[in-house]
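A.B. asks: Following this message is one structure expressed as structure tokens.
Nothing in this text is a laboratory measurement; each read-out follows from the coordinates by a stated rule. What you see is a predicted model, and the numbers here were worked out from it, not measured in a lab. Note that we place each Cβ from the backbone using ideal geometry, even for glycine, and neighbour counts take in every protein chain shown.
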Amino acid sequence: MARQYTLHRSSQVHASGIDYKTALNEEQYAAVSSPPGRALVIAGAGSGKTRTLTYRVAWLLDHQVDAREILLLTFTNKASREMVERVRELVPHDTSALWAGTFHSIGSRILRRHAEDLGFTKSYSILDRDDQKSILNSVIASLDIDTKQRRFPKADVLASIFSLMENTGVALTEIIASRYDQFYDWLEKIEEVRLGYIAKKLATNSMDFDDLLVLTVRLFEQQPDVLQLYQGRFKHVLVDEYQDTNSVQGRMIDLLAGERNSLMAVGDDAQSIYSWRGADMSLILGFPLRYPGSKVHIIETNYRSVPEILDLSNAAISANRGRFEKDLRSSREAQGTLPALVALPDPSTQAAFVAQRILELRDEGIPLEEMAVLYRAHFQSLEIQMELTVRGIPFAITSGLRFFEQAHIKDVSAFMRFVVNRRDEISFLRMVGLLPGCGPGTAAKLWAEWLKSGWSERVEVPPKWSDLFLKFKIPKKTAKHWEQLCYTLDELTPDGALAHPSQMIFSILEGVYADYLTASFDNAESRRADIEQLSQYGGNFDDVLEFLAQLSLMSSTDGEPSGERAAKDDEKVTLSSIHQAKGLEWKAVFLIWLVNGQFPNGRILEADDADMLEEERRLFYVALTRAKDELYLTYPMMNPKSYTGDIICRPSQFLEDFPAEMVEEWNVGNDDPWADDEPF
DNA sequence: GTAGCGTAGATTTTT
DNA sequence: TCTACGCTAC
């Protein structure tokens, strides 16, 4: 009898040795192996989006694409770091010539090389929100606006308005009319401030975050030869989180892709949650139209969540209208237990429930780092933090406080920024303002004297700072400290050259800043430790420009130096806002404060805007899809400390978007007669 | 002009 | 809870 035998042809062997067909599912493989051209990959939650993108890079390298021809654009620094790391693990190729980073960091890299074409120098400073506010305040002051009679928008609000304008390309009038109606009468003055702000940025050789995108696009549009340079190099452009790109970023991608280059955009329209920052979903929804002949790949197999959780997520998002139809299927077995819906009397009981359940789950074998508590806004985590602290449960929180935005970090970098960019007024004022007896008035006078010296504009290496500065008029009280400052600055530029970043930080700390710390803060010690850590981090850089750019573009949540770093090995529960939880996953997830006015957010309910509510629902969807095995939806029935006076809470309307049978309602009893008492 | 103090006001999400 | 601002005393 003849024996039936099938011969399997060995898959093609690549330099990396990866067998793509085995490593990927069919949907993923189709995207990864797609021929050069335009492709949109719609990758649902938990479907291996990062895997697809990293394997695509590996695939390209395996198919004779030079690493330097690849550009990988991501939304966060963390994402880009992780992807590059994974590619490195995957392939033997040298990937150092590959460009990977956020839109902002890639923009700054390009602008650094061509700054002169736009009226800047390559040592331009990058402004964060705080710096923007200082500039705006000084512009407002110089414009002689009567802010007493009618309320003029605060610098913070103005920054948001201008930013929205830049990122969406919508005219100022329209933005004011639609979102800041109460300032409509100020329109002309606001425009004046805006022009003043732009002028000031140019004068001080500084760019804000938006400029990094806007000016890159302008550079490309005004200088075809520059555009050609980059189009010619980046034959393969890959974009992560495409659903969160805004119109400027979209334009930047279009320009880089040009007529010929390959473009692969990966995203999930259902997870677009950054429209408040200008993200424009129509970019991903309209991709097939904007790139005729493009291929759309849909990846619908979810490897993360059990079917019970995935079904709930699918049901929750289906209330939204503007989206690609897709049907996420779980690859996992049904568990038989449903997500829990837990109503609790008040916020502190909610916290108690979460804490207790965390301990029980740990006893059941789920480690703490596989659990997360998610919420709409950071302040909603307060009771949880207290409760976890009381019970001694360790937790890690990615709070709003960012390492690089803390005052002492910014103080130190002001010194560096000034010696690098001698037109940086903000940094100068900040630096001299640290000296005792030197307030805004004296600082401004010193700046004027500095401008008069002419050295701020001259390109050649300055002589010793001390030679220049010691001639300035200084109040008696400040004289000694001023002298000390001068010698410190001399140390930053030995022989006219820029010192090494960590050396600079050390000089600043020892020269002037240590005294200031002890005099100004009761936690001077820990701040000092932060600065020492910063100095250590500076060791990774030779170039001060590069170091300062990194500082400005990075947030602490990216996992770089943060005070708690040492204790990282400890097992910890994660507390996170939903926005920051995007892309992450845990075995057990608690989603708290599911109350109308909290989530969905009150302002959004007030605005009564269907699109905004849909985005809020996508946020809800993102939260649900973080959970692998266990999901707890909780809400308090009363909120005695409510600012709005709504003491009785209405459960979130999102809970009505799915049938009640998809969750199991838990009735939480109380066996502690003292539980209702206020803590002491 | 500066520094220290008290009060009012506000609390979404981040490169 | 924290921060931004205005007032007052040096």
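A.B. asks: What is the local net charge at A:L446, summed over the other residues whose Cβ is closer than 13 Å to its Cβ (Lys, Arg +1; Asp, Glu -1)?
C.D. replies: Result for the local shell: +3.
A.B. asks: Once R0 is set to 41 Å, what does the formula 1/(1 + (r/R0)^6) return for the Cβ-Cβ distance between A:N137 and A:D327, expressed as a FRET efficiency to the nearest 0.05?
C.D. replies: FRET efficiency, A:N137 to A:D327: 0.20.
A.B. asks: Any aspartates and glutamates with Cα under 18 Å of the A:K476 Cα? List them, leaving off those in the same chain fewer than 8 positions away.
C.D. replies: Straight-distance partners of A:K476: A:E449.
A.B. asks: So, R0 is 25 Å and r is the distance between the beta-carbons of A:A334 and A:D363; what FRET efficiency does that work out to, to 0.05?
C.D. replies: In this case the efficiency is close to 0.55.
A.B. asks: What is the packing order of peptides A:50-60, A:336-346, taking the mean over residues of other C-beta atoms within 10 Å and listing the highest first?
C.D. replies: Ranking, from highest mean packing down: A:50-60, A:336-346.
A.B. asks: Tally Lys/Arg at +1 and Asp/Glu at -1 over every other residue whose Cβ is under 14 Å from the Cβ of A:N302; what's the total?
C.D. replies: It works out to a net charge of -1.
A.B. asks: Select from the range A:300-331 those trypsin sites (Lys or Arg not before Pro) which occupy a DSSP coil region and have at most 10 other Cβ atoms within 10 Å, ordered by residue number.
C.D. replies: Numbers: sites: A:R304, A:R321, A:R323, A:K326, A:R329; in loops: A:R304, A:R321, A:R323, A:K326.
For trypsin sites (Lys or Arg not before Pro) across the range A:300-331 that sit outside H, G, I, E and B with at most 10 neighbouring Cβ atoms in 10 Å, the list reads A:R321.
A.B. asks: With charges only on Cβ, +1 for K and R and -1 for D and E, what is the dipole size of chain A about its Cα centre, in debye, rounded to 20?
C.D. replies: 2100
A.B. asks: Explain nothing, just the number: relative contact order of chain A, from Cα pairs under 8 Å at least 6 residues apart, as a whole percent.
C.D. replies: Relative contact order for chain A comes out at 17 percent.
A.B. asks: Stretch A:Y303-A:N670 to full length: gain in nm at 0.36 nm per residue minus the Cα-Cα span?
C.D. replies: In short, 128.4 nm is gained.
A.B. asks: Further, regarding this structure: For A:Q223, what is the net charge nearby, where nearby means another residue's Cβ is under 12 Å from its Cβ and Lys, Arg count +1, Asp, Glu -1? Before the final figure, lay out each step's value.
C.D. replies: Working: positive: A:R113, A:R218; negative: A:E116, A:D117, A:E221, A:D225.
Residues near A:Q223 contribute -2 overall.
A.B. asks: Could I ask something else about it? Each residue of the range A:154-166 in order: what ³J(HN,Hα) in whole Hz does its phi give by Karplus 6.51 cos²θ - 1.76 cosθ + 1.60, θ = phi - 60°, with x for Gly and Pro?
C.D. replies: Coupling constants for the range A:154-166: 5, 3, 4, 5, 4, 4, 5, 4, 5, 5, 4, 4, 5 Hz.
A.B. asks: Using only the alpha carbons, work out the radius of gyration and Dmax of chain A in angstrom.
C.D. replies: Final numbers for Rg and Dmax: 27.5, 109 Å.
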